[in-house]
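Okay, structure first, notes after.
The values are calculated or read from the model by the stated rules, or taken from the named source; none is laboratory data. Just so it is clear, the model here is predicted, and its values are computed rather than measured. Cβ placement follows ideal geometry from the backbone for every residue including glycine, while neighbour counts extend to all protein chains displayed. To get the accessible areas, we keep the full protein, side chains included, count just its heavy atoms, and leave off ligands, DNA and RNA. Shrake-Rupley method; radii C 1.70, N 1.55, O 1.52, S 1.80 Å.
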Amino acid sequence: MRRLELLIPGLRAAAQQAPPIPALGRLLARAEYHPALGHDSAFLLARYFGLESETYPSVAALSGLADDLKVAEGWWLRADPVHLQADLHEVLLSDQPLEALTLEAAQTLVASLNAHFQELGWCFHAPHPERWYLQLGEAPGIVTRPLVEARGQEIRPLLPEGADARLWRARLTEIQMLLFEHPLNREREVRGLAPVNSVWFWGEGRLPDKISAPAAVLHGGGALLRGLARLAGCELHPVPASAAAYLAMDHPVGLVLLDHLEYSPDRGRQLETLERDWFVPLLAGLRRGCLRELRLYPGDGYCYCLTFTRAWRFWRRVLPGERQRP
């Protein structure tokens with residue numbers, strides 16, 4: 001008998017745009033639900049670990065901890081490398097990953113940024129090709145938008161806001177000019193690769209003093225979850241291949257983060273896989289009684305709770321959102 005906390009950011013939005021997913025529909029329709037957590041993976045995980053601030057979580061410091069940066073001091077921002085596409089009317093942030101960006105190339109670009117901004121005391125780090133960081137001695141005076149929210153979007157409404165927003169937008173222009181002229185980017189263009197022509201500032205904050213997790217055993221990936229698990233002193237394991245594989249483990253209370261839908265362009269195929277490998281066996285596990293309770297967080301701001309008794313409420317056919325929530 002056990003309880004599973006299942007976090008799937010982007011699930012509810014993806015399911016509403018796809019053909020019916022029968023087992024998922026039954027799980028949602030028969031559940032009791034209440035407001036809980038947030039929408040994207042960062043908010044979901046931060047609330048799960050007890051970080052109740054209304055502002056966006058300190059993703060930079062927490063993921064930096066997982067990347068072995070010395071994040072105990074100072075303020076941190078993610079400064080992730082991106083490719084911008086400009087025309088006469090708008091500037092779009094590409095929703096495609098930067099191909100063939102090696103760690104060596106990332107660190108070369110970051111070294112140029114550090115040399116340029118040395119007098120400001122800015123210090124960029126690139127422990128991973130796709131995760132860059134900016135370390136500051138004090139609060140940046142801006143409010144940013146997460147990268148996942150900006151991908152594929154016109155960036156001007158999403159640029160930093162706040163007391164020092166004008167200064168930061170000017171610095172961002174400097175960065176774009178520097179990267180535009182960088183020899184490494186010219187080499188990428190010759191090879192037919194998108195240049196790294198900007199960074200995206202987001203996830204600002206300091207490392208939290210202390211956090212805790214309701215589940216002692218966590219399953220998932222990503223730098224943010226690894227940082228949270230390290231700070232909370234929790235075990236972190238890879239995602240099980242399926243719900244059946246998870247149910248074969250001996251975890252009284254466990255958390256599984258499935259974040260494929262948040263980043264995948266092929267959400268239809270991902271939904272089919274989730275239905276087959278997770279929702280069908282979870283519904284069966286609840287009905288057999290080998291799973292005492294399922295708490296599903298599909299990224300719509302609600303927690304859906306199912307038990308053995310609720311899983312059999314076949315008369316409940318209407319999905320939450322189609323009826324008025326309490």
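What are the GluC sites (Glu not before Pro) within the stretch 95-147 that DSSP puts in a loop, where the Cβ has at most 13 other Cβ atoms within 10 Å?
Working: sites: GLU99, GLU104, GLU119, GLU130, GLU138; in loops: GLU99, GLU130, GLU138.
Taking the stretch 95-147 and a limit of 13 other Cβ atoms within 10 Å, the loop GluC sites (Glu not before Pro) found are GLU99, GLU138.
Just the number, please: carbon plus sulfur as a percent of the accessible area of the stretch 63-105, 1.4 Å probe, no ligands or DNA/RNA counted. Carbon and sulfur together cover 51 percent of it.
Here CYS123 sits with roughly 50 square angstrom of accessible surface, probe radius 1.4 Å. Sorting the Cα pairs of the chain by distance into bins of 20 Å, from 0 upward, gives 30, 53, 17, 0 percent per bin.
Give, as a single signed number, the net charge of other residues whose beta carbon lies under 13 Å from the beta carbon of GLN135, with Lys and Arg counted +1 and Asp and Glu -1. Provide the component values of the computation, followed by the final result.
Details: positive: LYS70, ARG78, ARG206; negative: ASP67, GLU73, GLU138, GLU204.
So the surrounding residues net to -1.
Reducing the stretch 228-283 and the stretch 64-143 to their Cα centroids gives an inter-centroid distance of 30 Å. Helix 223-232 and the long axis of the chain differ in direction by around 70°, with both axes built from C-alpha atoms. Between 0 and 90 degrees, the angle of helix 103-116 with respect to the longest Cα principal axis of the chain falls at about 50 degrees. Per residue, the accessible area of the stretch 94-229 comes to 51 Å² when a 1.4 Å probe rolls over the protein heavy atoms. Peptides 192-199, 2-9, ordered by how many other C-beta atoms sit within 10 Å of their residues on average, highest first, read 2-9, 192-199.
For the stretch 195-245, with all protein chains present and a 1.4 Å probe, just round the carbon and sulfur fraction of the accessible area to a whole percent. Could you put the intermediate results ahead of the total?
Numbers: 1090 of 2050 Å².
Of all accessible area on the stretch 195-245, carbon and sulfur atoms account for 53 percent.
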